[in-house]
Amino acid sequence: MPAPIEHDSEAARGFADAAAAVAALLDTAAGHADTAAGTPLAGLGEFGTDFSAAFAAAVQTQAATIRTAAALFGAYGQTVTDQGAALTATDTDTAAALAAGAEEA
């Protein structure tokens with residue numbers, strides 16, 4: 001017989017809260033990376049033109065990567081929350097069905 005599924009609501013809530021906090025921090029970091037991409041690099045002469053474009057592109061790529069990580073953390077937390085709700089609903093429905101069956105017997 002397979003082991004029963006046990007859902008630790010408190011731990012799931014803690015994970016979802018932590019995931020949301022990390023997602024928010026990463027979103028803030030992405031905003032800072034966007035700001036960094038716009039850092040003026042004037043005064044570097046001819047070298048500065050190419051360097052400035054490459055620098056901005058690299059930092060914008062980093063910002064996009066950070067945004068992806070933020071979205072994933074948010075999604076992980078939401079998935080844990082949704083799975084907990086589904087397990088609770090299934091448990092409630094099963095208990096109601098068993099109770100109805102017991103009343104009929």
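Note on the range 54-90: residues that are in contact with a Phe, Trp or Tyr (Cβ under 7 Å, 6 or more places away or on another chain) and either surrounded by fewer than 18 Cβ atoms within 10 Å (Cβ to Cβ) or of a type in the set (A, V, I, L, M, F, W, C) (or both) amount to 1.
Checking Ala100 against (1) farther than 23 Å from Ala12 by Cα; (2) over 20 Å from the mean Cα position of the chain (by Cα); (3) surrounded by 12 or more Cβ atoms within 10 Å (Cβ to Cβ), which single condition isn't satisfied? The number of the failed condition is (3). Candidates are the residues of the range 1-46 that are β-branched (Val, Ile, Thr) and touching a residue at least 24 places away in the same chain (Cβ under 8 Å); the one that is nearest to Thr65 (Cα to Cα) is Val22. Within the range 1-43, if we keep just the residues that are part of a loop (DSSP other than H, G, I, E, B) and of a type in the set (A, V, I, L, M, F, W, C), the residue that is farthest from Ala86 (Cα to Cα) turns out to be Ala42.
FYI, it's all coordinate maths here, none of it is from the lab. Predicted model, so just to flag it, every value in this text is computed and none were measured. We place every Cβ from the backbone using ideal geometry, glycine too, and count neighbours over all the protein chains shown.
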